[in-house]
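Notes follow once the structure below has been shown.
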Amino acid sequence: MVDVPTLVEQARAGGPRAVARLISLVEGASPQLREVMAALAPLAGSAYVVGLTGSPGVGKSTSTSALVSAYRKQGRRVAVLAVDPSSPFSGGALLGDRVRMSDHASDPGVYIRSMATRGHLGGLAWAAPQAIRVLDASGFDVILVETVGVGQSEVEIASQADTSVVLLAPGMGDGIQAAKAGILEIGDVYVVNKADRDGADATARELNHMLGLGESRSPGDWRPPIVKTVAARGEGVDEVVEALEKHRAWMEEHGVLGERRAARAAREVETIAVTRLRERIGSLHGDRRLDALAERIVAGRLDPYAAADELVAGLTGES
């Protein structure tokens, strides 16, 4: 058994091993997870969570590393949660993300962790929300969540971050891909990386045009900026940080930040509740109640929806 209060105290003091252990408890769905979350709840809520997503090859890891450098220059503690499809369950492998961020390995003000998606759709690991809470409660000022990449269903980062950054690059057909994937609807800041390549200006113009199509913003609404960067050389990164800070200030002024965080908490509660119900339903295979309902359906005395209603009522105690 883990001494949770001591572990939390060590994490708050900046101990990377304690932070790693807490996240491992989250990933492993430890029996002590309830105790961990109860201890962390009063301590979380101060970190600024920034999600970075984009197609493979646009330079997400390089951009993330550049943002870490920019925030560290401001004296802020930064945590990086890099969600990767090939990361082992332990999260202990040296992935490409972590290799590219090796410049920060010896910095006590930076913590980098890789997590596996474990087949979870949306580009984020199922345990990401609680891992973010661990990092938040551990006293990090900024948490950068880098996803595995975007596809037509991989826009979940918008539901987990305070601000979502969508990265694109010239010459990759990202404009069309962005429209297909729906990420034009979730980006708060857009970054055209590798802006030293031909076509960067055209990509920015195309993106600006698509953002304007069907736009129905009212005066005072947030207009996502488009920033051009060459992350490998650190060019334009300060402008990205400035855009992020402006978005955070706008959200705080208009009450959007609180709304987003409340919605995030609601989704987390829903996920936990649904998971618990699914576990209970899963244990019913071979149960006489389920078999009896199935027999009534086959006999034509009950339809599947009514059967499901009876099953849920039995599980939850509803009449």
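Assorted remarks:
- Residue selected from region 269-319 under the condition modelled with pLDDT of 85 or more and of a type in the set (Asp, Glu), by the criterion surrounded by the most Cβ atoms within 10 Å (Cβ to Cβ): GLU310
- Qualifying residue in region 7-15 (condition: under 19 Å from the mean Cα position of the chain (by Cα), surrounded by 21 or more Cβ atoms within 10 Å (Cβ to Cβ), more than 30 Å from ARG233 (Cα to Cα) and of a type in the set (A, V, I, L, M)): no
- Checked against the criteria, GLY151 counts as farther than 19 Å from VAL189 by Cβ, at pLDDT below 90, part of a loop (DSSP other than H, G, I, E, B) and open to solvent by less than 30 Å² (accessible area, probe 1.4 Å).
- Checked against the criterion of being among the acidic types (Asp, Glu) and touching a residue at least 12 places away in the same chain (Cβ under 8 Å), region 260-282 contains one or more residues that satisfy it.
- Counting only residues that are surrounded by 14 or more Cβ atoms within 10 Å (Cβ to Cβ) and free of Cβ contacts under 8 Å to residues at least 60 places away in the same chain, region 231-241 holds 3 of them.
- Restricting attention to region 154-193, the residues that are of a type outside the set (Asp, Glu), at pLDDT 65 or above and open to solvent by 50 Å² or more (accessible area, probe 1.4 Å) total 2.
- Some residue of region 249-256 being within 30 Å of GLU27 (Cβ to Cβ) and part of a helix (DSSP H, G or I): yes
- Matching entry among VAL68, VAL36, VAL8, VAL19 (being farther than 30 Å from VAL191 by Cα, in contact with a strand residue (DSSP E or B) (Cβ under 9 Å, 6 or more places away or on another chain), part of a helix (DSSP H, G or I) and of a type in the set (Val, Ile, Thr)): VAL19
- Residue check for VAL240: modelled with pLDDT of 95 or more and not in a helix (DSSP H, G or I): no
- With respect to the conditions (1) assigned to a helix (DSSP H, G or I); (2) open to solvent by 50 Å² or more (accessible area, probe 1.4 Å); (3) under 30 Å from ASP162 (Cα atoms), ALA265 lacks only one, and its number is (2).
- Of all positions in region 38-55, none carries a residue that is under 20 Å from ASP107 (Cα atoms) and either open to solvent by 60 Å² or more (accessible area, probe 1.4 Å) or modelled with pLDDT under 95 (or both).
- Test for ALA202: is it at pLDDT 85 or above, out of contact with any Lys or Arg (no Cβ under 9 Å at 6 or more places or on another chain) and part of a helix (DSSP H, G or I): yes
The values are calculated or read from the model by the stated rules, or taken from the named source; none is laboratory data. As the structure is a computational prediction, the values presented were derived from the model and not from experiment. Ideal geometry is used to build each Cβ from the backbone, glycine not excepted, and the neighbour counts take in all protein chains shown. Side chains included, ligands, DNA and RNA excluded: accessible areas come from the protein's heavy atoms. Shrake-Rupley method; radii C 1.70, N 1.55, O 1.52, S 1.80 Å.
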